[in-house]
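Here, each number is a calculation from the coordinates, and none is a lab measurement. This one's a predicted model, so the numbers in the text were calculated from it and none came from an experiment. We place every Cβ from the backbone using ideal geometry, glycine too, and count neighbours over all the protein chains shown.
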Amino acid sequence: MKEFNILGNQDTRSGFGDGLLQLGHANENVVALCADLTGSLKMNAFENTFPDRFFQVGIAEANMMGIAAGMTIGGKIPFTGTFANFSTGRVYDQIRQSIAYSHKNVKICASHAGLTLGEDGATHQILEDIGMMKMLPGMTVINPCDYNQTKAATIAIAEHEGPVYLRFGRPKVPIFIEENEPFVIGKAVMLNEGTDVSIFATGHLVWKAIEAGRVLAEQGISAEIINIHTIKPLDEEAVLQSVNKTKCAVTAEEHQLAGGLGDSIAQLLSRTQPAPIEYVAVNDTFGESGTPDQLMVKYGLDSSDIINAAKRAIARTSKQMA
């Protein structure tokens, strides 16, 4: 199992804030809009440095999406910022009608996604957003895994023409992606080559997959770990190459089982290369208040859950081949 250097611990929302500031210096067409959560989205530095390019719209998320869509007509590249729940569930109609349908160049940047929002509870812990956004025609969906990758993703999406949903989170997590590693939209990242099971993870679950891979290696199981930072467009070639080698798969995500990364990979495999697949995801339930670690354990999103899923997938493969 490959060793990973932990470069520190930081929340992914700070990667977004620092990437946005860097973009502000590099591209004068980049503008930012926020729905009264500037501090939570780490957009303060952009606001202070480029006050004429920052727009505080207040608690009016639907209006923010409409304003952003309009700004693109004048050549601006708007980055909207609020919690993932308010970035999707509250404004789905505006995104569908004003942004996706007309393929506007809006970057929808969504913090505090998933269960790890923590103590704010179920009303804020959206677990359906990836599914909602990936079903929109032409929408790119990105879910990076640590501070460095979130910063790189933020910078990369400014060069992409078309709507993007960028999802990130609140808690501090290990930084293990190198600072200078290029971010290529739609290109999965091989983290550890293996032969017994393919683990496809996204967002905060990537580090959990690495932890699981270490334990599996100690038990004589070789796990191939792939970071799917871009859920749409999915890197189909990387998925198929890996599963062709290992013959089974596990998907891991901080999202509902229905509609997320697991669904995308299952659809791909069912069409082209059927293989046993196990899912680590929230299973048809809302969250609750608690610390991020407590919630990840309770809802089956811990490294131990990935380990067990890998063993189930391997067992099913062995049974098929017997």
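Here's the picture: charge each Lys and Arg Cβ at +1 and each Asp and Glu Cβ at -1 in the chain, and of ALA69, VAL31, GLY131 the one pushed furthest to the positive end of that dipole is GLY131. Taking the DSSP beta bridges with both ends in the range 11-174, the antiparallel portion is around 5 percent. Applying 1/(1 + (r/R0)^6) with R0 = 41 Å to the Cβ-Cβ distance of GLN219 and ASN27, what FRET efficiency is obtained, to the nearest 0.05? In this case the efficiency is close to 0.25. Overall, the range 11-174 carries a charge dipole of about 180 debye about its Cα centre when +1 sits on the Cβ of Lys and Arg and -1 on the Cβ of Asp and Glu, all other atoms neutral.
Long hydrophobic helices in the chain, taken as whole DSSP H segments with a C-alpha length of 18 Å or more on their own axis and mean Kyte-Doolittle hydropathy at least -1.0: 12-26, 61-73, 205-218, 303-321.
Ordered by the number of other Cβ atoms lying within 10 Å of each residue's own Cβ, fewest first, VAL297, VAL282 fall into the sequence VAL297, VAL282. The Stokes-Einstein estimate for the range 189-321, based on a Kirkwood radius over Cα pairs and taken at 4 °C with 1.567 mPa s viscosity, is a diffusion coefficient of 89 µm²/s. Shown for PHE16, PHE86: other C-beta atoms within 10 Å of each C-beta, ranked fewest to most, produce the order PHE86, PHE16. Of the residues THR272, ALA152, ILE99, the one whose Cα sits farthest towards the positive end of the charge dipole of the chain is THR272 (charges of +1 on Lys and Arg Cβ, -1 on Asp and Glu Cβ, taken about the Cα centre). Within the range 1-147, the proportion of Cα pairs with more than 19 Å between them is 53 percent.
Placing +1 at every Lys and Arg Cβ and -1 at every Asp and Glu Cβ, with all other atoms neutral, what dipole size does the chain have around its Cα centre, in debye to the nearest 20? All intermediate terms of the calculation are to be shown ahead of the outcome.
Numbers: 26 positive and 36 negative charges, 117 e Å.
I would put it at about 560 debye.
Placing pseudo-labels 7 Å out from each Cα toward the beta carbon at GLU179 and GLN267 gives an inter-label distance of 3.9 nm.
Sort the chain into rounded, prolate or oblate with this rule: let a ≥ b ≥ c be the square roots of the eigenvalues of the Cα gyration tensor; rounded if a/c is under 1.5, and if a/c is not under 1.5, prolate when a/b is larger than b/c, oblate otherwise. Mind dumping the intermediate values first?
On the way: a/c = 1.82, a/b = 1.74, b/c = 1.04.
Here the chain falls in the prolate category.
The stretch between HIS160 and GLN56 holds 35.0 nm of extra length on full extension. This uses 0.36 nm per residue minus the Cα-Cα distance. Suppose every Lys and Arg Cβ carries +1 and every Asp and Glu Cβ carries -1, with no other charges. What dipole size does the range 189-321 come out with about its Cα centre, to the nearest 20 debye? Dipole magnitude for the range 189-321 comes out near 440 debye.
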